[in-house]
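Chemist: Have a look at this one before I ask anything.
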Amino acid sequence: MTHSSPAPAGATRRTVVATAGVASLAAVLAACGGSGGEKKGESEALARTADIPVGGGKVFPDRKVVVTQPTKGQFKAFSAVCTHQGCLVKEVTNGTIVCPCHGSTFSIEDGSVRKDPATKPLPPERISVSGDSLTLG
């Protein structure tokens, strides 16, 4: 003798349809989210070595990084987010990385604070040189 479920058959069908809809939505969102683009961005060349002046540097606001060349052929990279209140640094001048918000400056050699109000250095970022290309990571 077969016993039927106390829930009506329509409820089961609705549950199955709703579950399938949620699963489909999750698959679509996963496909759109793609972490592959982030990895690709990390491996793309950031700049050419010739773009970074000796004794200076260049800010890449879209990547939130600043790249410096303290001495010929020596490249350094630091976060472009000021450690004082999170503004982006704006320029590299006279051997220092300058934050426009409150006047903090940082060394192009090691990211250390040259002038407060910042009290912590800019965190280093990994940079690699391959031929005449600079790449983050």
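Chemist: So which of THR135, THR105, THR93 ends up being open to solvent by 30 Å² or more (accessible area, probe 1.4 Å) and of a type in the set (Val, Ile, Thr)?
Modeler: Checking each option against the conditions leaves just THR93.
Chemist: List, please: which pairs have Cβ atoms under 6 Å, are six or more places apart or on different chains, and start with a residue in region 58-78 that is part of a loop (DSSP other than H, G, I, E, B) and end with one that is buried (at least 20 other Cβ atoms within 10 Å of the Cβ) and not charged (D, E, K, R)?
Modeler: LYS64/ALA80
Chemist: If you don't mind, there's one more thing I want to ask. Within region 114-129, can you find the residues that are open to solvent by 50 Å² or more (accessible area, probe 1.4 Å), in a strand (DSSP E or B) and in contact (Cβ under 8 Å) with a residue 24 or more places away in the chain?
Modeler: PRO124, GLU125, VAL129
Chemist: Separate question: Tell me, please, whether a residue that is free of Cβ contacts under 8 Å to residues at least 12 places away in the same chain and within 17 Å of SER128 (Cα to Cα) can be found in region 94-107.
Modeler: No: region 94-107 contains no residue that is free of Cβ contacts under 8 Å to residues at least 12 places away in the same chain and within 17 Å of SER128 (Cα to Cα).
The values are calculated or read from the model by the stated rules, or taken from the named source; none is laboratory data. Given the structure is predicted, the values throughout are model-derived calculations rather than measurements. Counting neighbours? That spans all protein chains shown, and the Cβs are built from the backbone with ideal geometry, glycine included. Quick note on the areas: whole protein, heavy atoms, side chains included, nothing else; ligands and nucleic acids left out. Shrake-Rupley method; radii C 1.70, N 1.55, O 1.52, S 1.80 Å.
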